[in-house]
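Here is the structure we will look at.
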Amino acid sequence: MDALFAHSPGNEPLVVELLQEVYRRLGLDYRNYSQTFLSRRITAFARKNNFDSIDEMVRSLLANERELESFVDSMSLPTTRMFRDPAVFKEIRESVIPMLSETQLAKVWSAGCSTGEEAYSLSIIFKEEQPGKKIITFATDLSERSLHIAKKGIYQLRRMRAYTAAYLASGGTADFSDYYTADDENAIINADLRGNLVFAQHNLVIDSTFNEFDLILCRNVLIYFNRALQEQVVNLLANSLRPGGILILGDKESIRSMAPRQNFVDLDRTLRIFQKAQ
């Protein structure tokens with residue numbers, strides 16, 4: 001049996017020990033992430049760093065704090081992009097924004113924002129659809145490295161063509177290049193789009209609610225958790241929404257068979273858009 005397979009029965013106690021130590025030393029709780037996700041990430045890290053076995057890897061990580069932090073960084077998968085799933089952002093533009101609180105201030109939470117592309121996409125749509133309304137978006141993630149990139153708002157220029165196409169598919173009609181400046185390699189998001197964004201570290205697993213929101217996006221995050229943790233996080237999101245607030249999940253995520261399901265009504269089952277009962 002391959003000694004590098006994290007899911008091998010003989011390696012399971014080692015993985016449990018490693019995750020327990022990550023939680024104890026760094027306060028990061030991966031213990032209830034899905035077994036599939038954990039196995040893939042741990043096995044990939046072991047192979048990339050030329051460990052001969054999971055046992056060797058765990059012993060090395062527990063003896064070296066810097067290596068342990070490198071392992072934690074490898075657990076983050078920043079796969080986001082601007083206007084990811086344009087149909088979702090078109091629905092936000094056409095249907096969700098008009099449903100936000102009628103007050104002059106609306107609060108939005110981009111949970112698991114990764115490197116910030118989703119938060120900036122929201123900022124652009126809010127600027128276009130509600131230019132006179134103050135909308136504050138709290139963009140949070142577990143990874144400090146991802147948040148560092150998000151706060152800078154600097155992305156590879158070569159990605160802008162795809163982002164422009166997604167922006168137009170989401171209903172955008174402006175010149176997308178007006179929202180950033182560019183040099184030979186990078187696109188820098190305009191400062192005015194960052195003005196109503198608050199980037200902060202937040203752990204959906206162990207941290208509590210910190211505000212009452214009109215809209216929460218938590219897309220492609222639940223897929224990494226086991227069932228019990230998924231329900232725990234959905235409860236957190238429900239408790240973080242005002243009555244009538246909107247929750248948007250990823251296209252492979254559902255709350256249909258969860259206990260918190262009773263707190264929500266479907267607005268768009270295909271796009272995973274739900275409204276908290278009033």
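When each of Gln20, Gln35 is tested for being modelled with pLDDT under 90 and not small (Gly, Ala, Ser), the lone residue that passes is Gln35.
The condition of being out of contact with any strand residue (DSSP E or B) (no Cβ under 6 Å at 6 or more places or on another chain) and either among the hydroxyl-bearing types (Ser, Thr, Tyr) or modelled with pLDDT of 95 or more (or both) holds for Ser95. Across the stretch 58-88, the number of residues qualifying as part of a helix (DSSP H, G or I) and in contact (Cβ under 8 Å) with a residue 24 or more places away in the chain comes to 13.
Residues that are touching a residue at least 60 places away in the same chain (Cβ under 8 Å) and part of a helix (DSSP H, G or I) within the stretch 193-228 comprise Leu193, Arg194, Ile223, Tyr224, Ala228, listed in sequence order. Going through (1) under 25 Å from Asn226 (Cα atoms); (2) surrounded by 16 or more Cβ atoms within 10 Å (Cβ to Cβ); (3) within 24 Å of the chain's Cα centre (by Cα) one by one, Met82 falls short only on (1). For the criterion of being outside the structural domain of Phe138 (by TED's automatic domain parsing), in a helix (DSSP H, G or I) and buried (at least 19 other Cβ atoms within 10 Å of the Cβ), Thr43 passes. Within the stretch 142-198, if we keep just the residues that are of a type in the set (Val, Ile, Thr) and touching a strand residue (DSSP E or B) at 6+ places or on another chain (Cβ under 8 Å), the residue that is surrounded by the most Cβ atoms within 10 Å (Cβ to Cβ) turns out to be Ile189.
Residues in the stretch 252-271 that are surrounded by 15 or more Cβ atoms within 10 Å (Cβ to Cβ) and assigned to a loop (DSSP other than H, G, I, E, B): Glu253, Ser254, Ile255, Met258, Leu271. Count of the stretch 233-251 residues, restricted to those that are assigned to a helix (DSSP H, G or I) and without any contact (Cβ under 8 Å) to a residue 40 or more places away in the chain, is 6. Determine if the stretch 103-112 includes at least one residue that is aliphatic (A, V, I, L, M), out of contact with any Leu (no Cβ under 9 Å at 6 or more places or on another chain) and without any contact (Cβ under 8 Å) to a residue 12 or more places away in the chain. The answer is no, given that none of the residues of the stretch 103-112 is aliphatic (A, V, I, L, M), out of contact with any Leu (no Cβ under 9 Å at 6 or more places or on another chain) and without any contact (Cβ under 8 Å) to a residue 12 or more places away in the chain. When Thr181, Thr140 are screened for being out of contact with any Lys or Arg (no Cβ under 7 Å at 6 or more places or on another chain), closer than 30 Å to Tyr23 by Cα and in a strand (DSSP E or B), only Thr140 passes. Among the residues of the stretch 24-35, the ones that are exposed (fewer than 15 other Cβ atoms within 10 Å of the Cβ) and touching a residue at least 12 places away in the same chain (Cβ under 8 Å) come to 4 in all.
Take the residues in the stretch 239-266 that are at pLDDT 95 or above and of a type in the set (A, V, I, L, M, F, W, C); name whichever of them is nearest to Phe210 (Cα to Cα). Looking at residues that are at pLDDT 95 or above and of a type in the set (A, V, I, L, M, F, W, C), I get Leu241. From the list Ala165, Ala174, Ala182, Ala191, the one residue that fits, being out of contact with any Gly (no Cβ under 7 Å at 6 or more places or on another chain), under 12 Å from Tyr120 (Cα atoms) and of a type in the set (Gly, Ala, Ser), is Ala191.
Exactly one residue out of Lys151, Lys107 is at pLDDT 95 or above, out of contact with any Pro (no Cβ under 8 Å at 6 or more places or on another chain), in a strand (DSSP E or B) and charged (D, E, K, R): that is Lys107. Looking at Asn49, is it modelled with pLDDT under 90 and touching a Phe, Trp or Tyr at 6+ places or on another chain (Cβ under 9 Å)? No, not satisfied. Where the second residue is of a type in the set (Lys, Arg) and the first is within 17 Å of Thr80 (Cβ to Cβ) and lies in the stretch 160-186, which pairs have Cβ atoms under 8 Å and are six or more apart or on separate chains? Close Cβ pairs satisfying both conditions: Ala162/Arg81; Tyr163/Arg81; Ala166/Arg81; Ala166/Arg84; Ala169/Lys90; Ser170/Lys90; Ser170/Arg93.
The values are calculated or read from the model by the stated rules, or taken from the named source; none is laboratory data. These figures come from a predicted structure and were not determined experimentally. For neighbour counting, all protein chains shown are included, and Cβ atoms are generated from backbone atoms with ideal geometry for every residue, glycine included.
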